[in-house]
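The values are calculated or read from the model by the stated rules, or taken from the named source; none is laboratory data. Fair warning: this is a prediction, and the values are worked out from it, not measured in the lab. As a convention, Cβ positions derive from the backbone with ideal geometry for all residues, glycine included, and neighbour counts pool all protein chains shown. Side chains included, ligands, DNA and RNA excluded: accessible areas come from the protein's heavy atoms. Shrake-Rupley method; radii C 1.70, N 1.55, O 1.52, S 1.80 Å.
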Amino acid sequence: MNEGVEWALHSCLNLAWIGPDRAVTAARLAAYHELPAAYLNKQLQALSRAGIVSSVSGPKGGFRLARPLDRITLMDVVAAIEGPEDAFRCSEIRQQGPGAGPAGSYAAECAIAGAMGAAELAWRRELAARTLDDVRERAELQAPAAPDRIRHWFANA
């Protein structure tokens with residue numbers, strides 16, 4: 001998974017803590033974690049295309065959450081940033097090199113592809129079962145002052 005997923009998840013939490021009445025620019029969201037604004041903007045655009053955030057134009061424009069955290073799964077964010085493709089793609093290297101059998105002798109699914117597919121399915125199910133509200137709740141238990149600190153930092157922009 002690329003780092004854009006982490007950035008997108010943190011941005012969503014920050015937007016939730018900032019509140020629905022304020023749009024925040026990609027540059028300001030990036031500045032909070034000292035990230036490259038242009039790259040974070042690409043992640044935010046992907047979240048916007050997926051309906052996770054909305055983009056507000058104009059002088060007070062920026063991004064805000066498009067739906068409540070309890071309606072955004074971790075899988076929603078991963079799919080928005082990484083795309084729908086499988087993480088593991090078997091290229092059938094077992095059919096190459098000196099160990100390859102005759103053409104057409106590999107009718108069964110590659111054992112490695114099968115194992116990786118099963119693991120990915122479990123991973124995707126777990127991500128789909130967890131919402132950003134679950135993450136917010138845990139983050140607030142770990143760092144109770146974080147929401148107020150974030151609201152204060154963004155309010156004093």
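The table for this structure:
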read-out	value
Residues of segment 1-30 satisfying the condition of being of a type in the set (Val, Ile, Thr) and more than 28 Å from ALA87 (Cα to Cα)	ILE18, VAL24, THR25
Residues (buried (at least 19 other Cβ atoms within 10 Å of the Cβ) and assigned to a strand (DSSP E or B)) located in segment 47-56	VAL53
Hits in segment 105-157 (condition: without any contact (Cβ under 8 Å) to a residue 40 or more places away in the chain, outside any helix (DSSP H, G or I) and surrounded by 12 or more Cβ atoms within 10 Å (Cβ to Cβ))	TYR106, CYS110
Hey, ARG22 touching a residue at least 40 places away in the same chain (Cβ under 8 Å), more than 15 Å from LEU127 (Cα to Cα) and open to solvent by 50 Å² or more (accessible area, probe 1.4 Å) or not	yes
Close pairs from segment 65-76: first over 18 Å from GLN43 (Cα atoms), partner open to solvent by less than 50 Å² (accessible area, probe 1.4 Å) and of a type in the set (A, V, I, L, M), Cβ under 8 Å, at least 6 apart	ASP70/LEU132
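Yes/no per residue for (1) assigned to a helix (DSSP H, G or I); (2) surrounded by fewer than 16 Cβ atoms within 10 Å (Cβ to Cβ); (3) at pLDDT below 95:
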{"site": "LEU9", "(1), (2), (3)": "yes, no, no"}
{"site": "LEU13", "(1), (2), (3)": "yes, no, no"}
{"site": "LEU35", "(1), (2), (3)": "no, no, no"}
{"site": "LEU40", "(1), (2), (3)": "yes, no, no"}
{"site": "GLY58", "(1), (2), (3)": "no, yes, yes"}
{"site": "ARG67", "(1), (2), (3)": "no, yes, no"}
{"site": "ALA79", "(1), (2), (3)": "yes, no, no"}
{"site": "ALA87", "(1), (2), (3)": "no, yes, yes"}
{"site": "CYS90", "(1), (2), (3)": "no, yes, yes"}
